[in-house]
Amino acid sequence: MNLKELYQEIILEHGKNPRNLRKTENFNKDAKGNNPLCGDNVHVYLKLNNQRKVEDISFEGSGCAISMASASIMTDLIKGKSDNEAKEIIDDFLGMIKENPELKSSILEEDDKTKLMCLSGVKQYPMRVKCATLSWHTLISAMEDDGKQVSTED
Amino acid sequence: MNIDNIKKEFPIFDEKIQNNDLVYLDSANSSQKPKVVIDRINEFYTKEFSNVGRSIHYLAVAATNLYENTRSSVQKYINAKDKNEIVFTKGATEALNLVANTLGQKYLNEGDEILLTELEHHSNYVPWHYLRKSKNIKINFAEINEDGEIPIENIEKKITPKTKVIAINHLSNVTGAILPIKEITELAHAKDIIVVVDGCQGAPHLKLDVQDLGCDFYAISCHKMYGPTGLGILYGKKKWLEELPPYQGGGGMIKEVKKDRITYGDLPNKYEAGTMATAQVIAFDKSIKFLESIGIDNIIKHEKELIEYGQEILKKNNSVKLIGNPKNKGGVISFTIEGVHPHDIATILDEDGVAIRAGHHCCQILHDKLEIPASARASVGVYNTKSDFDQLNESINKCKKIFDLK
Ligand SMILES: Cc1ncc(COP(=O)(O)O)c(C=O)c1O
């Protein structure tokens, strides 16, 4: 176990000053997610334009440093991507957290990968994995816009 | 038994937890188990095992006697009038579900009201919520004051002519407030209102005398009382347990089963359908004996000193904000740290072997009221010492350092 790996500078900084913590005006897709175990909750808003590009993405909610940083980094990376690119990035990130040693997607710049890999520290803390993945699952739900509320506990 | 070195009765404290000595501050969630209880379970399975109440062979009779013996010990420990007022359940949660369900079946009608408090654990809210759905029953909440207590006036204010049941916590698992159960019961009974007490936190830490409290039902969680998991107790006044219908159906709870009719067994079998948590019940007798050997007065004194010490030390820590300030308080300290989420606190403390709880502790109503999503909670048991709070404080300072707080 290594606290330093979990609470890296970038995580603490994003946790303290989350980017895109607001509500997108004229959003056309959104979803809510919560983790009943700890009370973390997140609401993701998306604005997809006619070319199916993410014109804006934002989130509201409260949670631990890990969950806030994860949502912050996620929204930063997804903005400007097409919905297919976004899906690839999401799969890549969730795959990395689950089992893969690194990120594979060619859409991601090295810099982006470094940022996302900062979240890999949670792999050593099984109880905290959900904190890192909640906003991502919620984003999937928003893109599918199936009206379901994401919950990390079924 | 001397409480000052009681820790050595608990084998877990001989273990290294991730290379640390264990600082266990999560007893409100579940307590650790003394060796006598662990050994008793082993011994029963090794040398004495049989199911109870069914067969007539030697082992079955002996096991049945042991099982019933725990019932008598519990009766004495909580000073119930009758042995048959003690019903074993799978936990306090099941005990509360049993009460809500059977009162719902027979006693409550559409439009009736149930009064809870904002301090209730989900176990003492969700079962009543079912009646809101199935029987159109209304639920009201008595409010906390700014110290996180429920003064009796706040209960009185919410009683209406339709109030049929008051279901309340004995000791809050978040603020530690001890509710004036006896006074509330007197008030309620004067208006023919049933009083159900969630005694999960009361039973391990307070002197229990259900006849003195006067309540109609009292739910106990054995795993918080230095006993095994999978076991709870419902105390219910005999007249209610006799009058109310059974909760679950199955073997052991019947008198006669015919194709066209079934009659039910007498107390306490009526509420103990199926094979019960036999080994746990039998081992729980050792938990009671363990508590008796220390003496509840000594336990109360010890835990009071710990909590006063813990509060004092945390109050001096300028980033820590304590939740609630009840005058009459049990062994629970909940807190937040400005700028550090409780989940992060718990992870960082865990690295030092300090086990606390973070989250809403199954009290979302209370956390909503306090306008915080979660809190951190340190709770004590007989084995804690002041040095546990010193370590807690030191680890909190480590959190502050990681999060760059002053
Ligand atoms: C106040 C309170 N009520 C009810 C419960 C549930 O008890 P059990 O685990 O025995 O079902 C708990 C324990 O989590 C509690 O603290």
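The values are calculated or read from the model by the stated rules, or taken from the named source; none is laboratory data. This structure is a prediction, so every number in the text was calculated from the model and none was measured. Cβ placement follows ideal geometry from the backbone for every residue including glycine, while neighbour counts extend to all protein chains displayed. Each accessible area value is taken on the protein alone, full model and side chains, heavy atoms only, with ligands, DNA and RNA left out. Shrake-Rupley method; radii C 1.70, N 1.55, O 1.52, S 1.80 Å.
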*Given H placed on each backbone N at 1.01 Å, which residues far from B:Val23 in sequence or on other chains put an amide H within less than 5 Å of it?*
B:Val354, B:Ala355
*Work out Dmax and Rg for region B:153-207 from the C-alpha atoms and quote the Rg first, both in angstrom.*
11.6, 35
*Tell me, how many Å apart are the Cα centres for region A:104-128 and for region B:128-197?*
49 Å
*Towards the positive end of the charge dipole of the protein assembly as shown, with charges on Cβ (+1 Lys, Arg; -1 Asp, Glu), say which of A:Ile90, B:Asn136, B:Gly251 has the farthest Cα.*
B:Gly251
_What whole-number distance in Å separates the alpha-carbon centres of region B:245-262 and region B:384-406?_
56 Å
*asked:* Could you give me D for the protein assembly as shown, from Stokes-Einstein at 10 °C and 1.306 mPa s, where the hydrodynamic radius is the Kirkwood radius over C-alpha pairs? Units µm² s⁻¹, please.
replied: 62 µm²/s
*Selection from B:Phe49, B:Gly232, B:Ile159, by position along the positive dipole direction of region B:38-292 (Cβ)*: B:Phe49
*Tally Lys and Arg at +1 and Asp and Glu at -1 over the other residues with C-beta under 12 Å from the C-beta of B:Ala60: what net charge comes out?*
0
*Write down Rg/Rh for region B:108-164, rounded to two decimals, with Rg from the C-alpha atoms and Rh from the Kirkwood relation over Cα pairs.*
1.00
*Residue-wise HN-Hα coupling along region B:210-217, computed from phi with Karplus coefficients 6.51, -1.76, 1.60 (Hz; x: Gly, Pro)*: 5, 6, 5, 4, x, 5, 7, 9
*the protein assembly as shown: calculated mean residue ellipticity at 222 nm from DSSP helix runs of at least 4, using -39500 (n - 2.57)*: -12000 deg cm²/dmol
*Share, in percent, of DSSP beta bridges within region A:3-144 that are antiparallel, nearest 5*: 95 percent
_Could you tell me what a quarter of the Cα convex hull surface of region A:3-144 works out to, in nm² with one decimal place?_
7.8 nm²
*Farthest toward the dipole's positive end in chain A, which of A:Leu48, A:Asn2, A:Asn100, given Cβ charges of +1 (Lys, Arg) and -1 (Asp, Glu) about the Cα centre?*
A:Asn2
*Rounded to the nearest Å, what's the spacing between the alpha carbon centres of region B:326-352 and region B:47-73? Just the number, please.*
43 Å
*Whose amide H sits under 5 Å from the amide H of A:Lys81, counting only residues 5 or more places off or on another chain, with H placed in the peptide plane?*
A:Val54
_Explain nothing, just compute: Karplus ³J(HN,Hα) = 6.51 cos²θ - 1.76 cosθ + 1.60, θ = phi - 60°, for every residue of region B:336-349 in order, whole Hz, x for Gly and Pro._
10, 10, 4, x, 10, 5, x, 5, 5, 4, 4, 5, 5, 5
*Evaluate the charge dipole of the protein assembly as shown about its Cα centre and quote only its size in Debye, nearest 20, assuming +1 on the Cβ of each Lys and Arg and -1 on the Cβ of each Asp and Glu.*
1200 debye
_Tell me the net charge near B:Val36. Cut-off is 11 Å between Cβ atoms, B:Val36 excluded, with +1 for each Lys or Arg and -1 for each Asp or Glu._
+1
_Where chain B is the region considered: accessible area per residue in Å², 1.4 Å probe_ = 42 Å²
*asked:* Rounded to the nearest 20 debye, what is the charge dipole size of region A:1-120 about its Cα centre when +1 sits on each Lys and Arg Cβ and -1 on each Asp and Glu Cβ?
replied: 360 debye
*Mind grabbing the accessible area of A:Met143 for me, 1.4 Å probe, Å², rounded to tens?*
20 Å²
*Going down the table (B:Lys90/B:Lys327; B:Lys81/B:Lys270; B:Lys301/B:Lys401; B:Lys76/B:Lys133; A:Lys47/B:Lys400; B:Lys135/B:Lys238), which pairs top 29 Å between alpha carbons?*
B:Lys90/B:Lys327; B:Lys301/B:Lys401; B:Lys76/B:Lys133; A:Lys47/B:Lys400
*Roughly what % of DSSP beta bridges within the protein assembly as shown run antiparallel, to the nearest 5?*
65 percent
*Can you tell me what the convex hull of the Cα atoms of region B:38-292 projects to on average, as an area in nm²?*
14.1 nm²
*Run the numbers on region B:38-292 and let me know its relative contact order in percent, using alpha-carbon pairs under 8 Å that are six or more apart.*
24 percent
*Most mobile of B:Asp14, B:Asp26, B:Asp388 in a GNM of chain B (Cα contacts under 10 Å)*: B:Asp14
*asked:* On a straight-distance basis, which lysines could pair with A:Lys113 in a cross-link, Cα separation under 18 angstrom, same-chain partners fewer than 8 positions away excluded?
replied: A:Lys79, A:Lys81, A:Lys87, A:Lys98, A:Lys104, A:Lys123
_Charges at C-beta only: +1 for Lys and Arg, -1 for Asp and Glu. How large is the resulting dipole of chain B about its Cα centre, in Debye rounded to 20?_
940 debye
*asked:* Below 12 angstrom from the Cβ of B:Ala190, what's the summed charge of the other residues (Lys, Arg +1; Asp, Glu -1)?
replied: -3
